[in-house]
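Structure first, then comments.
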Amino acid sequence: MTLTPALIDELFRHAGRSPSAHNTQPWVPRFVAGDGHSPAEVVLTVDPLRTLPAGDPTFEDLHLSMGCWVESFAIAAAEAGLSVETTSIRGCGSALEVRIQIGEGTPSSTASTVAADNGANDPWPPFGVADLYHRQVDRGPLRRDGAAFASALRAVNSALSATGGPLHSTGAGSSAELVEIPDQLWKPLQGRSSLYSLSDPAIFRETLDWLRFDSRDPRCFRDGLSANCLRIPPMIAAAAARLNTASLRPWIGSLTSAVLTPVGFAQRIRASLRRRALSEDSGSGEGLPPRTTAPHRVILTVDDALTATAGGWSEDHDRSTRDDIVQAHARAAQEIEVGRTLLRIWLLFDRCGLRVDVHSELKDCPETKAELSAFLARRSLVESATTEIPSPQNSPRSRRRPIAAFSVGRSTSEVPRSHRLNT
Ligand SMILES: Cc1cc2nc3c(=O)[nH]c(=O)nc-3n(C[C@H](O)[C@H](O)[C@H](O)COP(=O)(O)O)c2cc1C
């Protein structure tokens, strides 16, 4: 297939169907035509106005979203008969730059051309453009389907171990794993993490800024989270639209935070009493068989080899040490690769008739993230005690970091379609 501006536009439009945190669509792709000396490439950068500095201070979700775009682009390009290869990932956060080389013909089989390599050895199903449009996040009630979920989970984890996880090309030498979380652990954590996001005025204000409840606002059909997608009834959305104005937003954020702070305190006390009761009662309570009709709860975990600087990375390089910067860039590259994998996981679930409902607050809230990490550590200890041959996943020494959290189940109603900038 010959590279033409029309084809590139079409590929960008398909890739634009990627999921992104708050539907911010932070990607800015630019096509650079090749000449006799250098091949054609896409230079992918970030629109700084489409980042979430309060809710995503370490840019983890930004990098994951950019990774989803890279993967969608690779899928669309492969279907058009083009090969793509990520040749460099530089910087992090708003200063991130990803270079993707495009060639005409069969892709080479390297770690960074995963999506394009839909050959016999690819452990992932051959995804196409239709899959990109079919996938949707569903925030309505999801119906549990044990059989479909079990086979999809097996397929995901065997694909992850066959490809060595998404971190080959970053040299991090670690692997990813999708882990099911018992609903009795998930439910209280979800409550506490939602409260965390609501009771921080800056995070709450930022979220309000991406809510699109007023259908007279042209942005309503371009980006952000619509009342429809959030499954908020029209009357409540209309009232919320009247309140959610630029002048009232700071007040709403502070007021909500003040009201919710005592609730958070009470919840923490209840959680610690519940933890104590569980440990006296049944060890952890996590070995109990599920007695629930709730959807399946999962987290994507990666080795915690690269730790974020506390409080996020400073964009002010004078204040950061050289090591911090190198570490931040390595971590960004790792998260881009994880983002590519995350999209493949969601597409694979979609192929199995399952949709996902994302709960990033669970891994963003420090307290619930620590509890998820503790669960992973306990699980890893139990597995290493019962497994003769240790693997990276079950080694008790490998600290696992939850990087994405979502529920999985069958849609029970039609899912409203989210909007995009370029459609
Ligand atoms: C890294 C990442 C984090 C996300 N976090 C959340 C979340 O915490 N809550 C949520 O409802 N959706 C979350 N989403 C889903 C997006 O809001 C969703 O992809 C976007 O609104 C577009 O909708 P669509 O995926 O149905 O096309 C996340 C998506 C990504 C890629």
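Quick note: the coordinates plus some simple rules give every number you see, no bench work behind them. On a predicted model such as this, the values are computed, not experimentally measured, just so you know. With ideal geometry, Cβ positions are generated from the backbone for all residues, glycine too; neighbour counts draw on all protein chains shown.
Please give the net charge around residue 338, taking every other residue with its beta carbon less than 14 angstrom from that of residue 338, where Lys and Arg add +1 and Asp and Glu add -1. Around residue 338, the surrounding residues sum to -2. Potential lengthening of the chain between residue 158 and residue 247 amounts to 26.9 nm, from the contour at 0.36 nm per residue minus the alpha-carbon distance. Protection proxy ranking of 401-413, 214-226, by the mean of other Cβ atoms within 10 Å over each peptide's residues and highest first, is 401-413, 214-226.
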